[in-house]
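The values are calculated or read from the model by the stated rules, or taken from the named source; none is laboratory data. None of the values given here were measured: they were computed from a predicted structure. Here the Cβ is made from the backbone with ideal geometry for all residues, glycine too, and neighbour counts use every protein chain on show.
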Amino acid sequence: MSGTILLSENETGLIDAITAPSAIIDNEGVLVYVNRSWKSYTDQSGFFGESITGGDYFEVCEKAVNDGSDYALKLIMGIRDVLDGKEKFQFIFPSNGEKSKKWFNVLITPLNNTGVILQFHDTTESVLASDKLRDSEERYKQQFDHSLNGIIIGTPDGIILDVNSAACSYLGYTKQEIIEGGRELVVAEDHPINIEAEKIRKEKSFYEGEKVYRHKSGREIIAEVSSVLYRDREGKIIHMNTFRDITEQKIIEDKLEEQRHFNQIAIDSVPGTFYVINENGEFVEWNNAFYSDLGFTDEEMRSMKPGDFFHKDDRNKVLKLIKDIFGTGDTHEVVAKVHTKQKGIRHFKMNGSKFEAKDGTYLVGTGLDVTDLVEAEFEREKNMALMSQLFENSPLGIVMINENGIVERVNQGFLKMFGYFEKELLDRDLNKLITSGGEYMKAEKISELTLSGITHQTEGYRKKKDGTEIPVLINSVPVKTNGKIKSCYGIYVDLSEQKNLESRITELLEKEKDAKEELENSLRVKEILLQEVHHRVKNNLAVIAGLIDLQLMEESNANVIKKLSQIHGRVFSIAKIHETLYQENNITCIRFNDYVKSFLDSYSQAKIDFEDGLPLHFDLQEVELNLNQAVPFGLLLNELMGILLTDVNECSEPVNIALSISNDGYVSLEILGECLNICNLFVNRDSDKFEFAIIKILLGQLNGELNESAVHKGVNLRFRKRNIRGSSSSFVQKLNI
């Protein structure tokens, strides 16, 4: 047998039971099987008589086409249409045999997407009867009456004019009953097959195919029909149906199809892959798992060999087993690595057996994806090896006892901890060896709890071989074998050094407590001294500011007064910082929002000679700065206010002061107001004047930037808050003082 279609003995028997010459052709055009009727027509044309099983039927038909047969071309096209998905194809053709001319109704039906069934029904008598009807009334009558096929003659509107005896025999009615009952008596007009047949007959004036008739008993008869319309001598349209009961044939075909369907379902239901291989190493059958599990399509399977599926490490081993199965007939089983299209390399458990069929020897096998099992087993072995290494090499003392408390296994850490040799512990009661007094009862209770499935941890004392006791931490872990607890591990940690260390730590903690109290007292004294330093610095700066004020009162030179006022403002800004620090609990950081408000309130009273004072509006977030940023920031604020309010005689609009800090640590100070002299600042900022040089240096110390506000009239100062340590001597160095 060729191709990919396998037929059982029952299936070949059913095909042989079909009276018409029949053959099975696979998708490649190979004749897989022909029945006895087919073989008996050896004296007919080359359509079937000369063809043998295993031959290329398309080549046979092409030869007939080359000899001038249009019917052979029609046959090729019909087979290909059905292979491409058409439900069926049929036509009638004449065949010139050695003895006489015959007419055959060719019926092509699909075979489970793997091929087609080709049947040649001899319709010679029906065709000749129709021809003779036109030539001779008598000859027509003889043919009509004695035809083996049923013939019904009627009109398109359902009136039956005549019916032959074969039709009466098929339908169970008398001729008179059929004529009186009309078409609706014997034809199930609402049946889908008949509706389609009537539609085709109206379109083409003829119909060849199947129709469903109704027997007198009520059962349906499936008939193979040739139906034509023609005009009689009087010009009336006549409808003639020639039919043959193929109900039994359809039953056989349905059983064959049902058997094939059942076989396919059974194959597809096999867990994993199912396959059949012939002696040439070709796949002749496989199930859907090759697509769902491995990802290979039917088209790919037809071109693949068994060796193509396996990893190079296992390929030769598998191919040798296949050869051994065909040679010895023994069943073999192997786990091998298989290539899949979606999942990569997977482990499959493969098995195969040989079986003999009429057409050859085959190997039937299955494959089951056991990747998870293989990986789990590998993981288990790895864990076992790891556990064994941990047990043997662990610095902790580990011992395994059975349900009776007898030592079964012990590691070097345990032997070293308790001073025993291994042979002195094996097969001995552990608790009797290393416990005494009240500890023995506690140890027995721990063993009992652990063997009941409870993991336990406790501290206690255990006895060494020389009789000395050591403090230990004990972890007891149950061990399950086949779901039952038969033993447990005891993991011992020597706490001797830890206990000694705890005593030393306790002693050190007491000493640390005394030292901490002494340190806290010292820190309190230093904080008081540092606050006093800030207070004295503030007072000294205030004295300096007061001396400058006295000097201002005696000066009449406007330039000198201006210079002394600038110096007074700078001293005042630094003094305010120390005053704020003196008032804070934290003597290293200053809340600059408090400083800004206090400084500017004092500044407006002392420096601005407005009738109603300088109107200020504050929007200040809490911002803490250390001294090394607060001092340059305070000085910078003093310089900016002095420049921005230069030549300002009166200010009725408020000056808005906003201080904020962003989430990423950037401090922002905005000074906004219609009365501010912004031009004075930004026009002269690059000049060599002292106040502008100071602004540059202070901005450099803060690593900040000063810009004109983009929305309102004013300026924006922005710098990143940093924990700067050390002195601010760089300020003096940059001034070259």
Sole miss for ILE454 among (1) loosely packed, with under 15 Cβ neighbours inside 10 Å; (2) part of a strand (DSSP E or B); (3) among the β-branched types (Val, Ile, Thr) is condition (2)
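Given the criteria more than 60 Å from the chain's Cα centre (by Cα), modelled with pLDDT under 85 and surrounded by 14 or more Cβ atoms within 10 Å (Cβ to Cβ), does ARG139 qualify?
Yes.
Which one of these is hydrophobic (A, V, I, L, M, F, W, C) and within 30 Å of THR123 (Cβ to Cβ): ILE322, ILE277, ILE238?
That would be ILE238, the only listed residue that is hydrophobic (A, V, I, L, M, F, W, C) and within 30 Å of THR123 (Cβ to Cβ).
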Filter result for the condition that a residue is out of contact with any Pro (no Cβ under 6 Å at 6 or more places or on another chain), of a type in the set (A, V, I, L, M), exposed (fewer than 14 other Cβ atoms within 10 Å of the Cβ) and modelled with pLDDT of 85 or more, over ILE153, ILE195, ILE179: ILE195
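Looking at ASN411, ASN351, ASN383, can you tell me which residue is loosely packed, with under 12 Cβ neighbours inside 10 Å and either of a type in the set (S, T, N, Q) or under 19 Å from ASN475 (Cβ atoms) (or both)?
ASN383
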I'd like the full set of residues that are closer than 15 Å to ASN241 by Cα and among the aromatic types (Phe, Trp, Tyr), limited to segment 172-215. PHE206, TYR207, TYR213
Before we move on, is THR481 more than 46 Å from the chain's Cα centre (by Cα) and over 21 Å from GLU444 (Cβ atoms)? no
Do we find that LEU363 is over 30 Å from VAL318 (Cβ atoms), crowded, with 19+ Cβ neighbours inside 10 Å and of a type outside the set (S, T, N, Q) in this structure? no
Taking the options ILE222, ILE238, ILE246, name whichever one is crowded, with 16+ Cβ neighbours inside 10 Å, in the same structural domain as ASN149 (by TED's automatic domain parsing) and over 25 Å from ILE117 (Cβ atoms). ILE238
Which one of these is polar (S, T, N, Q), within 53 Å of the chain's Cα centre (by Cα), modelled with pLDDT of 85 or more and assigned by TED's automatic domain parsing to the domain that holds VAL338: ASN316, ASN287? ASN316
Of the residues in segment 292-323, those that are closer than 17 Å to ASN27 by Cβ, without any contact (Cβ under 8 Å) to a residue 40 or more places away in the chain and in a helix (DSSP H, G or I) come to ASP298, GLU299, GLU300, MET301
Check whether at least one residue in segment 457-467 is crowded, with 16+ Cβ neighbours inside 10 Å and touching a residue at least 60 places away in the same chain (Cβ under 8 Å), and report yes or no. no
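When only residues in segment 614-656 that are among the small types (Gly, Ala, Ser) and outside any loop (DSSP other than H, G, I, E, B) count, which is farthest from PHE690 (Cα to Cα)?
From segment 614-656, those among the small types (Gly, Ala, Ser) are 630, 634, 642, 652; that's our starting set.
Add one more test, that the residue is outside any loop (DSSP other than H, G, I, E, B), and what stays is 630, 634, 642.
Values: ALA630: 21, GLY634: 17, GLY642: 13 Å.
Ranking the candidates gives ALA630 first.
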Within segment 332-341, is there a residue that is farther than 25 Å from ASN288 by Cβ, in contact with a strand residue (DSSP E or B) (Cβ under 8 Å, 6 or more places away or on another chain) and surrounded by 13 or more Cβ atoms within 10 Å (Cβ to Cβ)? no
Whether any residue in segment 699-709 is hydroxyl-bearing (Ser, Thr, Tyr), in the same structural domain as LEU637 (by TED's automatic domain parsing) and at pLDDT 75 or above is what I want to check. yes
For ALA188, all conditions in the list (1) crowded, with 16+ Cβ neighbours inside 10 Å; (2) modelled with pLDDT of 85 or more; (3) small (Gly, Ala, Ser) hold save one; what is the number of the exception? (2)
